[in-house]
There are 2 protein chains.
Amino acid sequence: MSLVVTGSVGIDTIETPDGQRREEVLGGSCAYFAAAASFYGPVRIVGVAGEDFPPKHAETLKRFGIDTRGLERREGGKTFRWSGKYLENMDHRETTAISLNVLGEAPAPVPKEYEDSAFVFLANGPTAIQRQFLREFPHRKLVVADTMDLWINTTRDELLALLKEIDGLVLNYDEAELLTGMKNTVAAAQHLLTLGPKFVVVKKGEHGCVFAHEDGIGALPAYPAERVVDPTGAGDSFAGGMMGWLAANNAATGTKSGISFHQLKRALAHGTVIASFTIEAFSLERLSKLTRGEVDERYRHYAEMLHLKDEE
Amino acid sequence: MSLVVTGSVGIDTIETPDGQRREEVLGGSCAYFAAAASFYGPVRIVGVAGEDFPPKHAETLKRFGIDTRGLERREGGKTFRWSGKYLENMDHRETTAISLNVLGEAPAPVPKEYEDSAFVFLANGPTAIQRQFLREFPHRKLVVADTMDLWINTTRDELLALLKEIDGLVLNYDEAELLTGMKNTVAAAQHLLTLGPKFVVVKKGEHGCVFAHEDGIGALPAYPAERVVDPTGAGDSFAGGMMGWLAANNAATGTKSGISFHQLKRALAHGTVIASFTIEAFSLERLSKLTRGEVDERYRHYAEMLHLKDEE
């Protein structure tokens, strides 16, 4: 089924603790999400870049088979830029420079051809714009949103209204705490479930995720990674793998909650696997070389690692 | 098969962030480990208490069916006491008072009747005493040790010697980092494997565990707990569940590495499940009421939660 993501497309400059550095690489939530989702089926993006957006970055997106008709290249505008530096444990980073540029202006228009999109992912962005975007997809069957501390702090009421309009919420563990005031991730996820969404996924980076669904609570570990080169985009590609799998399996209807606990778990396992490739290299370098065979192989290994049944 | 644990028996006073407090409750690594292991089969303890050790605490241990012949009640001595206070997120705690008492004296003698013990767990303690203890069990088939920052900092060479004498090492993630200098838990576990043990388990509290075995690396999430009353003893009961299951399944022989990756994983899943009960109440209060049926039920639920195979 048709999957669309709205979010940022950007140019990143990244430094890692081992002294590596990449300048002006492709980044942004849309890019990571869509590249990840592309392993499962077609994906459309809605985002805005400036006239300085390097053609090679647009080419990279197209090579994934991403539908970029919704990627506006705004004349006279400059692309969103982010520079960051990872701290020693790779779990925390500091932003060394940020320029919103076109991201601070009007959002990109949604192409008419995208109107039939059934699976909608609203990557992190201003809450009011997320709410406006979802209305642009009248045939939506499953809407999932991400958010961040900035919107929790500045547009909480708007965010609470959004929660009633979406099927799923994906956010980081510290954001879940900020939004609920609860230190316990499991309790926070359970509580968020009462505010509207049919499922809530709390991302914990190297510690995996916790998820809440009306049929229960779950947790999955990250795929064990001995070496993390660049964690940028891990969360967005996790969401891309998840939504890509749900769309490919048309997992939005047929149960009261839209998708079953088991479907959600499998989707999250795919997100986990895709994210584990993303962090093996800078930007989209690893995903650019990745094959669906490698994805399936690693998924099988992950499932085997977590297999606890039988022979007792 | 016969399982023995050497470690501390103590009296704890615990405060939690919600204002709850328990005074002079039963604690110590031996107590938590053995109570957890008792759900799988017989378990023996070697530890020393003082003459002030309350008879009700000894009774509690016996009610689990724990063999306490190796629990010395030292005349003229006082029992190890620890007071601690958990900080708001339950992940960190501060020690408000500690008195080693008899724990700072000679260790308890190993009863002659324990000599045939095949499964040996050396709970956290002075490294030299751990090494001395393991020699007291000439029929040992599987020896697993825990350690902590104090010994890593003060008796590192002794600890490196111990690593060559044991089959498995269990330690916290920050201790793994301290011992290896590696921030990445997976890399640290892999590295520790090269120093002697056939398997290494890194405990991450609410984030579960990462484990390294010659046949691969694994990770398991914690059982999702919406409410943690008292995390004291979670790590020791995790180890107790693990060793209890290994001993009950005689998982020490038959493969080159002693136990297979799959056996280790199942043992750790049992440890995870038992620990999830421990934290539901103070001290051994929850384990005292626990039934094997409840353990099996939660294990089934945990296995189902992690089940990713089929129907793709």
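Read-outs: derived from the displayed coordinates by stated rules, not from any lab. Only a predicted model underlies this, so the values are computations on that prediction, with no experimental measurement involved. Note that each Cβ is placed from the backbone with ideal geometry, even for glycine, and that neighbours are counted across all protein chains shown.
Selection of strands (runs of 3 or more DSSP E) fully inside the range B:140-223 by the criterion of at least 1 residues being surrounded by fewer than 24 Cβ atoms within 10 Å (Cβ to Cβ), in contact with a strand residue (DSSP E or B) (Cβ under 9 Å, 6 or more places away or on another chain) and facing chain A (nearest Cβ under 10 Å) returns B:216-220.
Pairs are defined by a Cβ separation below 7 Å, a sequence spacing of at least 6 or placement on different chains, a first member in the range A:280-300 that is on the phi > 0 side of the Ramachandran plot, and a second member that is among the charged types (D, E, K, R) and surrounded by 14 or more Cβ atoms within 10 Å (Cβ to Cβ); the pairs so defined are A:SER283/A:ASP12; A:SER283/A:ARG22. Residue count for the range B:102-137, restricted to those that are farther than 23 Å from B:THR155 by Cα and among the acidic types (Asp, Glu): 3. A Cβ distance below 7 Å, combined with a sequence gap of six or more or placement on separate chains, defines the contacts here; from the range B:61-75, residues that are over 24 Å from B:ARG286 (Cα atoms) reach residues that are among the aliphatic types (A, V, I, L, M) and surrounded by fewer than 21 Cβ atoms within 10 Å (Cβ to Cβ) in the pairs B:GLY70/B:VAL110. Taken over the range B:94-122, the criterion of being part of a strand (DSSP E or B), touching a residue at least 24 places away in the same chain (Cβ under 8 Å) and within 20 Å of B:ASP236 (Cα to Cα) is satisfied by B:PHE119, B:VAL120, B:PHE121, B:LEU122. Please work out if A:GLY258 is in contact with an Asp or Glu (Cβ under 6 Å, 6 or more places away or on another chain), of a type outside the set (Val, Ile, Thr), touching a residue at least 40 places away in the same chain (Cβ under 8 Å) and surrounded by 19 or more Cβ atoms within 10 Å (Cβ to Cβ). Answer is yes for this residue. Just one of the numbered conditions (1) surrounded by fewer than 22 Cβ atoms within 10 Å (Cβ to Cβ); (2) closer than 24 Å to B:HIS191 by Cβ; (3) not small (Gly, Ala, Ser) is not true of B:ASN250: (2).
Residue count for the range B:282-312, restricted to those that are in a helix (DSSP H, G or I) and touching a Lys or Arg at 6+ places or on another chain (Cβ under 6 Å): 1. Restricting attention to the range A:265-281, the residues that are of a type in the set (A, V, I, L, M, F, W, C), in contact with a Leu (Cβ under 9 Å, 6 or more places away or on another chain) and either over 15 Å from A:HIS213 (Cβ atoms) or outside any helix (DSSP H, G or I) (or both) add up to 3.
Against the test of being crowded, with 21+ Cβ neighbours inside 10 Å and within 14 Å of another protein chain (Cβ to nearest Cβ), the options A:GLY240, A:GLY271, A:GLY233 yield a single qualifying residue, A:GLY271.
Scanning the range B:58-92 for residues that are within 14 Å of chain A (Cβ to nearest Cβ) and surrounded by 17 or more Cβ atoms within 10 Å (Cβ to Cβ) gives B:TYR86, B:MET90. Picking from residues in the range A:282-312 that are over 23 Å from B:HIS213 (Cβ atoms) and of a type in the set (Gly, Ala, Ser), the one that is nearest to the other protein chains (Cβ to nearest Cβ) is A:GLY293. Of the numbered criteria (1) touching a residue at least 40 places away in the same chain (Cβ under 8 Å); (2) within 8 Å of chain B (Cβ to nearest Cβ); (3) part of a helix (DSSP H, G or I); (4) among the charged types (D, E, K, R), the one A:ARG227 fails is (3).
Considering the range B:4-66, the qualifying strands (runs of 3 or more DSSP E), each wholly inside and each with 3 or more residues that are closer than 16 Å to B:SER83 by Cβ, run over B:10-15, B:21-27. Within the range A:25-54, restricting attention to residues that are touching a Ser or Thr at 6+ places or on another chain (Cβ under 6 Å) and surrounded by fewer than 21 Cβ atoms within 10 Å (Cβ to Cβ), the residue that is farthest from A:ALA267 (Cα to Cα) is A:ASP52.
Any residue at all in the range A:130-138 that is part of a loop (DSSP other than H, G, I, E, B) and touching an Asp or Glu at 6+ places or on another chain (Cβ under 6 Å)? No - not one qualifying residue is present in the range A:130-138.
The number of residues in the range B:243-264 being of a type in the set (Ser, Thr, Tyr) and either touching a Leu at 6+ places or on another chain (Cβ under 8 Å) or within 14 Å of chain A (Cβ to nearest Cβ) (or both) comes to 1. Within the range A:108-131, can you find the residues that are in contact with a helix residue (DSSP H, G or I) (Cβ under 6 Å, 6 or more places away or on another chain) and surrounded by fewer than 21 Cβ atoms within 10 Å (Cβ to Cβ)? Residues satisfying the conditions are A:ALA128, A:ARG131.
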